[in-house]
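For reference, the structure is listed below as structure tokens.
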Amino acid sequence: RAKALGKAQYHVFDPDMHQQAIRVLQLENDLRRAIQREEFIVYYQPIISLTNGRIAGFEALVRWRHPTRGMVSPAEFIPLAEETGLIADIDTWVLQSACHQLLIWQKTCPAKEILTISVNLSRRLFSHPNLLERIDKILHKTQLNPESLKFEITESAIMENSEEANKILAEIRRRQIQLSIDDFGTGYSSLSYLHTFPLNTLKIDQSFVKLMDKNTNNMGLVPMIICMAHTMKLSAIAEGVETPAQLAQLRSLGCDFGQGYLFSQPLDSKLVLELIAADPQW
Ligand code: C2E
Ligand code: MG
Ligand code: MG
Ligand code: MG
């Protein structure tokens with residue numbers, strides 16, 4: 001490790017670096033135990049139909065309630081979880097929890113069949129030898145209609161080994177589960193491969209949505225991405241919608257769905273139940 005750092009190897013003896021290394025080790029240890037100790041919790045962020053303004057579904061977003069550090073955001077522990085491979089088990093746990101939770105909500109409101117749940121599928125779990133087995137087990141156990149489940153996968157996870165990826169994606173679609181590309185536009189998608197994948201949705205990365213508002217005449221890449229999605233017969237979701245101006249622009253561009261603080265922050269499951277129970281249309 002020190003060798004890999006080359007000229008910077010003296011940093012290993014830097015007391016700050018040492019502290020940092022210990023912190024990371026500690027965090028990794030904690031992370032290993034977090035699943036058994038039931039320290040993770042899933043939050044749910046509404047995804048809104050821009051054609052009728054109603055909640056179409058939710059994205060499941062994991063949080064870590066660390067016993068001493070308090071709430072740790074995914075930005076802090078997901079990279080470590082990916083590096084150590086622990087992410088595959090975390091994702092499986094999130095999938096199980098989210099499917100179970102959606103079933104409860106669907107049973108609570110009459111128009112139950114329309115709600116979907118989107119779950120992030122890390123590259124590690126996507127290429128895990130037991131992926132399909134795990135999915136089948138959870139679907140069987142929860143008895144959730146697979147059509148109301150949607151996986152979010154990044155471009156890099158499927159572009160890496162596109163032939164193998166295509167087989168796995170086909171197996172997922174064969175089970176009627178839907179597929180979204182997450183953070184679309186930030187990875188290295190090859191257009192010639194992209195249209196061969198059996199996808200349902202492109203999620204426009206929030207960085208593109210953010211840029212739209214700065215200059216009302218310049219909507220950047222967003223119109224092109226929406227157009228691309230529709231050309232491939234996919235729906236488009238805009239991430240990180242924060243302002244009414246962005247919403248108006250997205251609507252005028254024919255974007256199908258929106259997700260962001262303008263509508264709602266990610267919520268705990270109890271608040272979601274209140275939200276859908278209070279909706280007069282349900
Ligand atoms: P993502 O999948 O692209 O999720 C969207 C992120 O944007 C979430 O951050 C969400 O809280 C945040 N967000 C939503 N609306 C807005 C907005 O209007 N403005 C801004 N600035 N942010 C908004 P979060 O929950 O911190 O998650 C960050 C990333 O961590 C996720 O990005 C995803 O890549 C990863 N992640 C979260 N949960 C899981 C999980 O269960 N498994 C895996 N593999 N990754 C996860
Ligand atoms: Mg996502
Ligand atoms: Mg995203
Ligand atoms: Mg993102």
Going by the conditions given, is residue 132 within 19 Å of the chain's Cα centre (by Cα) and surrounded by fewer than 19 Cβ atoms within 10 Å (Cβ to Cβ)?
-> yes
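Taking residue 259, is it touching a residue at least 60 places away in the same chain (Cβ under 8 Å), surrounded by fewer than 14 Cβ atoms within 10 Å (Cβ to Cβ) and within 16 Å of ligand 4 (Cβ to nearest atom)?
no
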Only residues that are away from ligand 4 (no atom under 16 Å from the Cβ) and among the hydrophobic types (A, V, I, L, M, F, W, C): list them for segment 222-254, please.
-> 224, 226, 227, 228, 229, 232, 234, 245, 247, 248, 250, 253
Among the candidates 67, 79, single out the residue that is at pLDDT below 95 and in contact with an Asp or Glu (Cβ under 8 Å, 6 or more places away or on another chain).
-> 67
Of all residues in segment 160-186, which are without any contact (Cβ under 8 Å) to a residue 40 or more places away in the chain and not in a helix (DSSP H, G or I)?
-> 160, 161, 176, 179, 181, 186
Exactly one of 79, 74 is surrounded by fewer than 16 Cβ atoms within 10 Å (Cβ to Cβ), without any contact (Cβ under 8 Å) to a residue 12 or more places away in the chain and either under 25 Å from residue 261 (Cα atoms) or not β-branched (Val, Ile, Thr) (or both), and that one is 79
Identify the residue in segment 189-211 that is within 16 Å of ligand 3 (Cβ to nearest atom) and without any contact (Cβ under 8 Å) to a residue 40 or more places away in the chain and, among all such residues, is farthest from the chain's Cα centre (by Cα).
-> 211
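Residues checked against (1) assigned to a strand (DSSP E or B); (2) free of Cβ contacts under 8 Å to residues at least 40 places away in the same chain; (3) out of contact with any strand residue (DSSP E or B) (no Cβ under 7 Å at 6 or more places or on another chain):
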site: 61; (1), (2), (3): yes, no, no
site: 68; (1), (2), (3): no, yes, yes
site: 88; (1), (2), (3): no, no, yes
site: 100; (1), (2), (3): no, no, yes
site: 103; (1), (2), (3): no, no, yes
Among what's in segment 174-188 and is farther than 14 Å from residue 158 by Cα and loosely packed, with under 13 Cβ neighbours inside 10 Å, pick the residue that is farthest from ligand 3 (Cβ to nearest atom).
-> 174
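Each row is one residue, and each column tells you yes or no for (1) in contact with a Leu (Cβ under 7 Å, 6 or more places away or on another chain); (2) in a loop (DSSP other than H, G, I, E, B).
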position: 188; (1), (2): no, yes
position: 199; (1), (2): yes, yes
position: 211; (1), (2): no, no
position: 226; (1), (2): yes, no
position: 236; (1), (2): yes, no
position: 254; (1), (2): no, yes
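When the residues of segment 240-249 are narrowed to those that are over 13 Å from residue 50 (Cβ atoms) and surrounded by 15 or more Cβ atoms within 10 Å (Cβ to Cβ), which ends up farthest from ligand 1 (Cβ to nearest atom)?
Among them, the one singled out is 243.
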Of the residues 225, 237, which single one is away from ligand 2 (no atom under 15 Å from the Cβ) and in contact with a Gly (Cβ under 9 Å, 6 or more places away or on another chain)?
-> 225
Go through segment 126-153 and give me each residue that's touching an Asp or Glu at 6+ places or on another chain (Cβ under 6 Å) and either away from ligand 3 (no atom under 16 Å from the Cβ) or at pLDDT below 95 (or both).
-> 132
In segment 33-85, residue nearest to residue 148 (Cα to Cα) [restricted to those that are of a type in the set (Val, Ile, Thr) and over 14 Å from the mean Cα position of the chain (by Cα)] | 55
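The values are calculated or read from the model by the stated rules, or taken from the named source; none is laboratory data. None of the values given here were measured: they were computed from a predicted structure. Don't worry about glycine lacking a Cβ; one is built from the backbone with ideal geometry, like all the others, and counts go over all protein chains shown.
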